[in-house]
Amino acid sequence: MSHTPQSASSDIATDTRSGVSRRGFLAGAGAAAGAVAVLPAFTAAPARAAAISNGASVPALIIGTGYGGSVAALRLAQAGVPVEMVEMGMTWDTPGSDGKIFPKVTAPDKRAYWLRTKSKAPVSNFFGFPIDSDIPRYTGVLDAEEFAGITVYQGRGVGGGSLVNGGMAVTPKRTRFAGILPSVDANEMYDTYYPRANAGLGVGQIDATWFESADCYQYARVGRKHAQRSGFAWTFVPDVYDWNYMKAEQAGTVPRSALDGQVMYGNDYGKKSLVQTYLAQALATGRVNVSSLHKVTSVTPASGGGYTVTIDQINTNGDTVATKTVTAAKVFFAAGSVGTSKLLVKLKATGALPLLNNEVGKGWGDNGNVMCGRANHMWDPTGTLQSTIPCSGIDNWDAGGAFAEVAPLPTGIETYASLYLSITNTTRRAEFTWNAAANKVDLSWQTAWKQDSINMAKSIFDKINSKEGTIYRTDLFGGYKIWQDGLTYHPLGGVVLNKATDNYGRLQGYDGLYAIDGSLIPGNTTVNPFVTITALAERNIDNILANDPM
Ligand code: FAE
């Protein structure tokens, strides 16, 4: 994989004692085989060393290296199109002085956060005490991007959100699909594109027998017991984590990652991020180049056809060290729901892309995310060893509008807490707008709107508390708050399919510009979103390759 002079490797010392580095894990799959239980299905191609050049002219440029961008890169490259991917975050492939590429959730350091000087953990308190700490400002892997009414967590780096997410890979129920993407043929999605996405992502499910005895999933078994005693449907949830590796972690035969508190600041082993799957395959074609620590700031029609793309190359302080101008025949916006929406809203308002339609910026939602904790009885411990990778959920969508992940609290000590992230059927939608005075994009989300989501989540947890004789925890989110109602991990929408674009992501008003990420999905997927983002990208790129000359 290519990386710029300012890639992760340049600023974090390499420690060769650590054994298999991420790069070795990818490129040296054969050599690593003895050290891990099961290797990811794909291996990376040799690096192309150079970042994109100033003045380059390219057939296809992709902004962002998350799910949508990686699908587009792979399919374009397989069709013979040379692809340049531009990513504002770093290439995460080299261990730091602690021998790890990524820090644990309990010990964030500069690698954890995108250009912040203090951590901003979603669970901000522990036994009532604030846990956020000062950290050096750095281009870390998790962005806690703050808008007026909500903090939006997003992955930064080559691999996008796949670097920091829990890997929960959920295909929505077929009966709910019409409410998610009404203009898309559901048969096509469930017959072709969801299966293709699941295969490409390497989705698997926990061994149900092993689950019953694994120490690291005691918290999930407690969650199941409580859900079922209250009459709720409880279900295993698929994940892209290598479940054989998880077993080996529990057995103590491999270096631990999920069992060593790694998840939202990255994962050293076990999780199949896009770097192991779609991106590895894309790079193996030899037609894809990735420029990390490069941020697209403008796209505008070029006088000779195609588009002029302006790119800031940044260092690990976030400062611009060079500005490059590139011409691209086609540009794919895959900067994520927030990144793509912000760019397009700004470019329309400032005259770079004035013909974009008035749907740009609209239809943004938080997937109804809300978190809470329950205090269990002392005879119901959730375990001192907790896998950071959730494996189960409670489905009360039809009756109460909520699907709740049974989440870990991987502190290393017994907390007697059950933690949940609920995805709810909220109809609230916000809009991105250009704030000329402040030279930035605003989002109209209001914190009070989360009350709808809280009410839906309560349809599950009020009942469980009543049945179990338990109460909500008030010591996890500061100020005796029961509900973490100030965030989302699942930003969706802003450039909604069949509104801001045609039914396949072609932006209205401009030939050769596409949106191909979570911005296309209008605010909710009923479950965790990345499988749907991937499947929709697979569907759209099929249509684009069949109909648009490249
Ligand atoms: P995304 O993956 O965000 O990729 C966009 C990329 O574009 C990023 O790498 C950006 O750095 C880059 N970028 C943005 N602006 C620019 C620019 N101007 N120039 C260059 N590059 C740019 O987009 N989802 C699940 O389904 N299951 C889970 O278990 C789950 N857990 C999560 C846990 C956490 C902590 C977080 C933050 C998210 C989680 N998600 C989960 C959400 C999931 O990761 C997210 O929906 C997808 O990553 C979105 O995919 P996109 O392709 O839209």
proj_area_mean for the chain (convex hull on C-alpha atoms), units nm², value 22.9 nm²
Spin-label point model (7 Å from Cα, Cβ direction): what's the ASN435 to ALA448 distance in nm? 1.9 nm
Largest first and in whole Å, what are the equivalent-ellipsoid semi-axes of the stretch 340-391 based on the Cα gyration tensor, each being the root of 5 times an eigenvalue? 47, 12, 8
Using a Cα-Cα cut-off of under 19 Å, which aspartates and glutamates could be cross-linked to LYS324, ignoring same-chain neighbours fewer than 8 residues away? GLU84, GLU87, ASP312
Sequence neighbours fewer than 8 away in the same chain don't count; with that in mind, list the aspartates and glutamates whose C-alpha is under 13 Å from LYS247. ASP207, GLU212, ASP215
Extension gain (nm, one decimal) between GLU146 and THR192, 0.36 nm per residue minus Cα-Cα: 12.8 nm
Please work out whether the stretch 118-232 counts as rounded, prolate or oblate from its C-alpha gyration tensor, where a ≥ b ≥ c are the square roots of the eigenvalues and a/c under 1.5 means rounded, while otherwise a/b larger than b/c means prolate and anything else oblate? oblate
Counting DSSP beta bridges with both ends in the chain, the antiparallel % (nearest 5): 75 percent
If you average the C-alpha positions of the stretch 168-198 and of the stretch 330-396 separately, how far apart do those two centres end up, in angstrom? 18 Å
So for the stretch 436-537, if I pair up every lysine 8 or more residues apart or on another chain, how many of those pairs have alpha-carbons under 28 Å apart? 11
Distance in nm between PHE236 and ARG174 label points, each 7 Å along Cα→Cβ, equals 2.1 nm
Check the stretch 64-176 and count each lysine pair with an alpha-carbon distance under 22 angstrom, considering only pairs eight or more places apart or from different chains. 7
Segment GLN228-SER183, length gained on full extension (0.36 nm per residue, minus Cα span): 12.6 nm
Extending each Cα 7 Å along its Cβ direction at ASN547 and TYR472, get the distance between those two points in nm, one decimal. 4.7 nm
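FYI, it's all coordinate maths here, none of it is from the lab. Because the structure is a prediction, the values reported are computed rather than measured. Neighbour counts run over all protein chains shown; Cβ positions are idealised from the backbone, glycine included.
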